[in-house]
Amino acid sequence: MVAVLKPVLKTYADIKALRIQGAEAVAAKSVNALAQEMLASPAKTRKGFVKGMREAVSFLKSSRPTEPALRNALRFMLLRTMESRETDVVALKQLVGQEAREYHENALRTKLRIAEYGGRLVPKAASVLIHCHSSTVMRVLKKAQDDGRKPHVFCTESRPLYQGRISAKELAEYGIDTTLVVDSAVSTVLHRMRDDDPVFVGADAITAEGDLINKIGTCNIATLAKERGVRLYSCTGTHKFDPLTLWGESEKIEERSADEVWKKKERPRRLRVLNPAFDITPASCVTAFVTELGVVPPSSLIGLLWKRFGLEDEG
Ligand code: RUB
């Protein structure tokens with residue numbers, strides 16, 4: 001039995017049920033839950049406080065195995081708390097609150113930069129194909145629209161849970177010319193696109209080899225886009241990089257309930273359903289990652305991160 005309080009339990013359940021979706025939202029809501037949890041911590045000593053924080057972090061991390069943004073954010077908060085010499089529990093609570101505020105300020109700065117760089121990749125009156133619902137891609141497209149580029153956006157439905165409809169609704173309400181297509185229409189859409197029209201997708205994880213992990217179906221789109229000669233960009237902050245992949249760990253792909261595809265009471269008995277939530281797009285099919293550091297091809301990304309953040313094996 002895990003000894004976590006209500007804020008963490010609720011956020012965990014919301015992530016599991018996809019009431020919270022998208023890597024950014026999963027990380028941001030978990031950061032808030034951790035801050036609330038620690039504010040309500042009954043611990044009387046530094047030791048008890050840190051122990052409770054460790055448990056909450058490890059429980060929240062388990063809500064989504066394929067989510068370095070979540071893991072990196074929580075791990076960073078925990079490390080900062082552990083590194084502080086503070087022994088007073090009230091001061092520790094304030095510190096965690098401050099860490100959460102800084103996380104949000106930084107996330108916003110990152111997204112604004114990505115929107116700026118990504119917006120410039122949209123030629124005037126371009127057709128743009130997107131997949132699923134990425135809050136980062138939404139910002140890029142809104143920036144392109146605000147800058148007068150007036151894109152026409154094709155959104156896939158993104159079966160089985162139709163997050164593409166969230167994107168389509170959000171863009172249409174923003175005044176962007178938007179068309180919803182079924183996932184299997186991707187090849188048809190790509191053949192209608194001009195050579196300089198881009199595909200934009202988000203990212204759940206980036207590996208040391210520059211591979212991209214994102215919503216299931218991304219790899220199909222990327223493979224077809226490459227074949228068709230259309231550029232595919234993944235819009236993502238560098239905090240989606242999974243440092244563990246540098247040391248040989250592979251990113252776990254979450255497999256979700258069969259009921260999302262076909263409800264148990266409606267589907268034939270003995271029929272198996274496979275429902276992976278994400279897939280891996282090889283670096284060779286990604287033109288570049290649109291990050292807060294700039295538009296960076298997969299082959300250069302790791303070198304850049306290494307230089308900037310001094311990645312080191314923590315064992
Ligand atoms: C969402 C998805 C998004 C990434 C990036 O999947 O794959 O492309 O999470 O989103 P799900 P963001 O709906 O299953 O969470 O840019 O918001 O981090």
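Read-outs throughout are calculated quantities, based only on the coordinates presented, and are distinct from any laboratory measurement. Every value quoted in this text rests on a predicted model; they were computed, and no experiment measured them. Positions of Cβ are backbone-derived with ideal geometry, glycine not excepted, and every protein chain shown enters the neighbour counts.
With the crude spin-label approximation of a point 7 Å out along Cα→Cβ, what separation in nm comes out for Val181 versus Asp259?
3.3 nm
Can you give the Rg and Dmax of the stretch 14-57 based on its C-alpha atoms, in angstrom?
Reported Rg and Dmax, both Å: 12.4, 36.
Is the stretch 123-308 best put as rounded, prolate or oblate by its Cα gyration tensor, with a ≥ b ≥ c the root eigenvalues, rounded for a/c under 1.5, and otherwise prolate when a/b is larger than b/c, oblate when not?
oblate
Could you tell me which trypsin sites (Lys or Arg not before Pro) in the stretch 73-146 are loop residues by DSSP with no more than 15 other beta carbons within 10 angstrom of their beta carbon?
On the way: sites: Arg75, Arg80, Arg85, Lys93, Arg101, Arg109, Lys111, Arg113, Arg120, Lys124, Arg139, Lys142, Lys143; in loops: Arg85, Arg120, Lys124.
Passing both the DSSP loop test and the Cβ count: Arg85, Arg120, Lys124.
Need one word for the stretch 86-130: rounded, prolate or oblate. Basis is the Cα gyration tensor (sqrt eigenvalues a ≥ b ≥ c); a/c below 1.5 gives rounded, then a/b vs b/c decides.
Verdict is prolate for the stretch 86-130.
Excluding residues fewer than 8 places away in the same chain, name every one of the lysines whose C-alpha is closer than 29 Å to that of Lys47.
Within the straight-line limit of under 29 Å, Lys47 reaches these lysines: Lys6, Lys10, Lys29, Lys61, Lys93.
Could you identify which residue out of His239, His104, His133 has the top mean-square fluctuation in a GNM of the chain using Cα springs shorter than 10 Å?
Between His239, His104, His133, it is His104 that shows the largest mean-square fluctuation.
Regarding the stretch 43-140, what are the three Cα extents along the principal axes, ordered largest first, in Å?
60, 25, 15
Could you pull out the pairs from Lys215/Lys240; Lys111/Lys226; Lys169/Lys226; Lys143/Lys252; Lys226/Lys307 whose alpha carbons sit more than 24 Å apart here?
Pairs exceeding the cut-off: Lys111/Lys226; Lys169/Lys226; Lys143/Lys252; Lys226/Lys307.
Need the list of aspartates and glutamates near Lys150 for cross-linking: C-alpha distance under 12 angstrom, and skip anything on the same chain fewer than eight residues off.
Asp177
Using only Cα atoms, locate the centre of the stretch 254-293 and the centre of the stretch 1-53, then give the distance between them in Å, rounded to an integer.
26 Å
When a/c is below 1.5 the answer is rounded, else prolate if a/b is larger than b/c, else oblate, so apply that to the stretch 69-205 with a ≥ b ≥ c taken from the square roots of the Cα gyration tensor eigenvalues.
Verdict is prolate for the stretch 69-205.
To the nearest µm²/s, what D does Stokes-Einstein give for the chain at 25 °C and 0.890 mPa s, using the Kirkwood radius over alpha carbon pairs as Rh?
120 µm²/s
When the helices in the chain are scored as -39500 (n - 2.57) per DSSP H run of 4 or longer and the sum is shared across all residues, what 222 nm value do you end up with, to the nearest 500 deg cm²/dmol? Can you show the working numbers first?
Values: 10 runs with 144 residues, N = 315.
That calculation yields -15000 deg cm²/dmol at 222 nm.
Binning every alpha carbon pair distance of the stretch 179-266 at 5 Å from zero, what are the percents per bin?
Pair shares across the bins are 3, 11, 19, 18, 17, 15, 11, 6, 1, 0.
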